[in-house]
Amino acid sequence: MMYYRESSKELSDIIRNRRSIYADEFVKGDIPDALLEEILVNATWAPTHKMTEPWRFLVFRGKYLEEYGHYMAAYYRDYYSRNLSGEALDEKLSYLKHYPRSAACMIGVVLVRNEKIGLPEWEEIAAVSSAVQNIALTCTANNIGSYWSTKSVAIDYVSGFGLAPHEKSLGLLYLGYPSENRTLSRKKRSPLSKKVTFLP
């Protein structure tokens, strides 16, 4: 007896095949505007307590990819200069400058707190995280790679784009087309028996 529809199996495949794909594994290519809009619309269909929709997204394309590369190099220059010198330092800074350039775009993820309803922040962050997962799954379904960077450099960069006092940067999503030569991740999950208890 079949307990699921074929479309359900397709959804399971998308969920289980989703992977974080880093920007240096992308090949340059643009995401059509209609597809990018679909990706972002799907983000807004994430579950949200009391319908606060606590998210906002900034789409960075074109010149911003190069700008962010220079921003990262400047951000980390002092750090790496304490650990690297000479040619190694130059190579690392060059790598950072070029890192975002093969992405189709970056999406700034912003938490928008509803000050009137006053939900716990963790609930709002959970909603934004669900929205990001919707983005990742829609990307996977369309053969687009994605990666959510929550490093301080990403958080600080997005924070520089006019966030209101009740808003908080949650980093950057890289979107792009994976290189055919990249090594496929074979990560597994632990058995259900280790994570789930079926109560009698």
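The values are calculated or read from the model by the stated rules, or taken from the named source; none is laboratory data. A quick note: this is a predicted structure, and the numbers were derived from the prediction, not measured. Heavy atoms of the whole protein, side chains included, go into the accessibility calculation; ligands, DNA and RNA do not. Shrake-Rupley method; radii C 1.70, N 1.55, O 1.52, S 1.80 Å.
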Computed over the chain, the distribution of all Cα-Cα distances in 5 Å bins, rounded to whole %, is 1, 7, 13, 16, 17, 16, 12, 9, 5, 2, 1, 0, 0, 0
Whole-percent carbon and sulfur contribution to the accessible surface of the chain (1.4 Å, no ligands, DNA or RNA) stands at 52 percent
Looking only at aspartates and glutamates whose Cα falls under 18 Å of residue 187's and that sit 8 or more positions away or on another chain, we get 13, 25
With Rh as the Kirkwood radius over Cα pairs, the stretch 81-144 has Rg/Rh of 1.20
Relative to the chain, whose Cα atoms define the longest principal axis, helix 121-141 and its Cα axis are tilted in degrees, nearest 10, by 90 degrees
Quick note, the stretch 16-86: a/c under 1.5 would make it rounded; otherwise a/b > b/c is prolate and the rest oblate (a ≥ b ≥ c, C-alpha gyration tensor); here it is prolate
Given a 1.4 Å probe, the accessible area of the chain per residue, as a whole number of Å², is 63 Å²
Between residue 147 and residues 5 or more places away or on another chain, the pairs with built amide H atoms under 5 Å apart involve 21, 174
With Cα springs under 10 Å, the Gaussian network model of the chain assigns the largest mean-square fluctuation among 72, 51, 106 to 51
Using alpha-carbon positions, the gyration tensor of the stretch 54-161 gives root eigenvalues a ≥ b ≥ c; with a/c under 1.5 called rounded, otherwise prolate if a/b exceeds b/c, else oblate, the class is prolate
Mean-square fluctuation maximum in Gaussian network of the chain, Cα pairs under 10 Å, restricted to 99, 80, 177, hits 80
Rounded to the nearest 10 degrees, the helix 6-17 long axis (Cα) sits at an angle to the longest Cα principal axis of the chain of 30 degrees
